[in-house]
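K.L.:
One structure, as structure tokens, below. Some questions next.
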Amino acid sequence: METNVTPATTANAPAPQRGDMRRSVHVPEGGRFLRRLFVFLGPGYLVATGYMDPGNWATALAGGSKFGTALLFVAVLSSLMAIVLQSLAARLGVGAELDLAQACRRHYPFPAAVGLWILAEIGIFATDLAEVIGTAIGLQLLFGLPLAVGIFITVLDTFLVLALERAGFRKIELFVVAMLALIAFSFLAQLIMARPDLAQIAQGLVPTRRFFTDPEMLYIGLGILGATVMPHNLFLHSFVVQTRAVAEPL
């Protein structure tokens, strides 16, 4: 069934609410191309954080420790699927000026929209639980802090990020970029120290029959898929692309 999404107009576009961040980031009309490009990179960095959560790390570590590079093809295929879905979410936000939640409410019957909302809330609870516990465990491993203290610190840093909203949406993006840079530097350092075998990496990019015959390998592979193709990132991406104050709606 094909669903047509028409661009929003002044009459049917969602009315701005207090604290609404839509069109809150100024986009320079002139200037160099790179300057304008950097203005639009912020939403991508925010979405990228969803692919670096404890769920991704746990499934990747489990797959690597048990099967080496044999599950690399699952990670690549999952990433390609995520790219397609994220591009569709971005197109929805830019073209229709709707986020995914608003589109579901507008184009589905009310009972179906309520059901989708309940499923989305359950997904949010599940992913937040992994983030909080994962951060607490990380603080315990690094600094020996009790889990309860780690959870309390995690709650505080969540409010810190929310407080940055008062300083503007770009401040949140800069904070996220700084965290991503730290993660990228740490990963690069570990990659240099590990000195992976390039031949094994190339071999892991090719699917094998064992993936379909080994239940444990299939289970971890599905975990990698589920940790990569995440629905909550689609809701986020379709909204954050609307924070740029372009000259005219596309």
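The values are calculated or read from the model by the stated rules, or taken from the named source; none is laboratory data. The structure displayed is predicted, hence computed values, not measured ones. Every residue, glycine as well, gets a Cβ built from its backbone with ideal geometry; the counts of neighbours run over all protein chains shown.
K.L.:
Is it the case that some residue within the stretch 91-109 is without any contact (Cβ under 8 Å) to a residue 12 or more places away in the chain, exposed (fewer than 11 other Cβ atoms within 10 Å of the Cβ) and assigned to a helix (DSSP H, G or I)?
P.N.:
So far as the stretch 91-109 goes, no, none of its residues is without any contact (Cβ under 8 Å) to a residue 12 or more places away in the chain, exposed (fewer than 11 other Cβ atoms within 10 Å of the Cβ) and assigned to a helix (DSSP H, G or I).
K.L.:
Is it the case that the stretch 134-142 has a residue that's over 23 Å from A227 (Cβ atoms), of a type in the set (G, A, S) and within 20 Å of the chain's Cα centre (by Cα)?
P.N.:
Among the residues of the stretch 134-142, not one is over 23 Å from A227 (Cβ atoms), of a type in the set (G, A, S) and within 20 Å of the chain's Cα centre (by Cα), which makes the answer no.
K.L.:
So which of L174, L129 is assigned to a helix (DSSP H, G or I), under 19 Å from the mean Cα position of the chain (by Cα), of a type outside the set (D, E) and modelled with pLDDT of 85 or more?
P.N.:
Residue meeting the stated conditions: L174.
K.L.:
Determine, yes or no, whether E165 is over 25 Å from S79 (Cβ atoms), of a type in the set (D, E) and assigned to a helix (DSSP H, G or I).
P.N.:
yes
K.L.:
Exactly one condition in (1) touching a helix residue (DSSP H, G or I) at 6+ places or on another chain (Cβ under 8 Å); (2) loosely packed, with under 15 Cβ neighbours inside 10 Å is not met by R35; state its number.
P.N.:
(1)
K.L.:
Does I220 satisfy the criteria of being surrounded by fewer than 19 Cβ atoms within 10 Å (Cβ to Cβ), modelled with pLDDT of 90 or more and of a type in the set (A, V, I, L, M)?
P.N.:
In short, no.
K.L.:
Ok, one more. Go through the stretch 143-157 and count every residue that is over 20 Å from the mean Cα position of the chain (by Cα) and in a helix (DSSP H, G or I).
P.N.:
9
K.L.:
Next question, about the same structure. Among L160, L180, L222, which is within 30 Å of S65 (Cβ to Cβ), assigned to a helix (DSSP H, G or I) and over 17 Å from the mean Cα position of the chain (by Cα)?
P.N.:
L222
K.L.:
Could you list, in sequence order, all residues of the stretch 35-77 that are in a loop (DSSP other than H, G, I, E, B), of a type outside the set (D, E, K, R), in contact (Cβ under 8 Å) with a residue 12 or more places away in the chain and at negative phi?
P.N.:
Listed by number, the residues that qualify are F40, M52, T69, A70, L71.
K.L.:
Sticking with this one: Would you pick out the residues in the stretch 129-150 that are under 30 Å from A101 (Cα atoms) and loosely packed, with under 14 Cβ neighbours inside 10 Å?
P.N.:
Scanning the stretch 129-150 gives a single hit, L129.
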